[in-house]
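J.: Please find one structure pasted underneath; my questions will follow.
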Amino acid sequence: MPEPIRFAIIGLDHWYSAISLAQDLAQHPDVDLVGIADRNEDRAREIANKTNVSRTSTDLNEFINDPAIDAIGSFVSVDQNPELVIAAAQAGKHIISVKPLARTLDEASQIVEAVNTTGVTFIPAESRARENDQNQRLTTLVRSNALGRLVSGNFVLSGGLPKAWPDAAPDGGWWADPSRGPGGGWIDHSIYQIDLLRWLLGEEVVAVSGRKANLVHQDLGVEDYGHAIVEFESGATFSLEDTWSAPVGGSRVTSSLIGTAGAVYIDTVAGTFSTFGIDDKADSWSTEPTTRNTPNPIRSIVDQIRGKQTSLGTVEDAWNNLAVARAFYEASATGTVVSPQKLK
């Protein structure tokens, strides 16, 4: 039996991902979660207590510099991520990275270079959503050609402002500070949709247009609304609308995929997963309850670190996801259609 992978969580700014990941890592037999680091000592101790971890630190580099640790999960704010994950790669640590991996493509390119030079495994946090039951089912439908050729679809996440910590008020936290991230309400969730679509189609985005705005939170430093149209190499075109402008408690996610032979429609409020043209109901809609939609891909994380192929993403995926997002912000600022940059 191989030795457990020794993990540390570095930063709890993106606590939505960091806390659940820490809890899942702590429960997995192939992982030893050995440390939690955050500049806020109280936060580090709170999560350490929840996961039965004895070691905490306010020094974000302590676990990176510890030769006994194999992998880190970096969930600092995006502005801090490049420096930390580059240092982690240079220290030979495998990496699960906050999403997006950087604010700019120049920063992201430096991460790609460090990861590829050192040969460590880099897993983008946004790609973990590929592993939830719902997206695995979508993957099966697409890869089996049950929907025919995908031609269009839409993804809508209508949400409210994020919180700086679970018990804090919803004021946007660090996400609303334009110096700490590449955008606001749109990229906060569209990054998952971009990654999923690239994964499902096996193609890259060639054109992006759209609009961002502040529809509710006028004084926010970043947008609370964004709506993008993204076109892929095959011509398949998708709408991505993501917001922080929903009424408090009124969050909703709807998704659709339209193919030449079938379609899928998902609604989290209704709790329904509907298909058209599938199996023995080729001329009607069939509806059933949605499946578990919380990713827990620790088995795949372990496998990918150990050199096995999984559905999780790579550092190149993270770069390309950010490139699409940067194209959206350029397109919304200029009122033009923008082609995402390509990784050199």
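J.: GNM on the chain, C-alpha springs below 10 Å: top fluctuator among Pro67, Pro170, Pro124?
T.: Pro67
J.: Between helix 41-51 and the chain, what is the angle of the helix's C-alpha long axis to the longest principal axis, kept within 0 to 90° and rounded to the nearest 10?
T.: Orientation of helix 41-51: about 70 degrees from the principal axis.
J.: Can you give me the convex hull volume of the Cα atoms of region 299-344, divided per residue and expressed in Å³?
T.: In region 299-344, the Cα hull volume divided by residue count equals 83 Å³.
J.: May I pose another question? Would you mind ranking Ser20, Ser332 by Cβ crowding within 10 Å, fewest neighbours first?
T.: Arranged by neighbour count, lowest to highest, Ser20, Ser332 become Ser20, Ser332.
J.: Starting from the Cα of Lys50, draw a straight line to each of the lysines and keep only those under 24 Å, dropping any in the same chain fewer than 8 residues away.
T.: Lys99, Lys163
J.: Among 236-246, 51-61, what's the highest-first ranking by average C-beta atoms within 10 angstrom per residue?
T.: 236-246, 51-61
J.: For the chain, give me the percentage of DSSP beta bridges that are antiparallel, rounded to the nearest 5 percent.
T.: 60 percent
J.: Averaging sequence separations of C-alpha pairs under 8 Å and six or more residues apart, then dividing by the length of region 261-344, give the relative contact order as a whole percent.
T.: 15 percent
J.: Considering all projection directions equally, how large on average is the shadow of the alpha-carbon convex hull of the chain, in square nanometres?
T.: Projected area, direction-averaged: 17.5 nm².
J.: Taking the Cα-to-Cβ direction at Lys163 and at Thr260 and moving 7 Å from each Cα, how far apart do the two end points lie in nm?
T.: Placing both labels 7 Å beyond Cα along the Cβ direction yields 4.8 nm.
J.: When you have a sec, figure out the Kirkwood radius of region 66-188 from all distinct Cα pair distances and drop it here in Å to one decimal?
T.: Over region 66-188, the inverse of the mean reciprocal pair distance is 16.8 Å.
Readers should treat all values here as calculations from the given coordinates under stated rules, not as data from a laboratory. Keep in mind that what you see is a predicted model, and the values were worked out from it rather than measured. Note: ideal-geometry Cβ built from the backbone for every residue, glycine included; neighbour counts use all protein chains shown.
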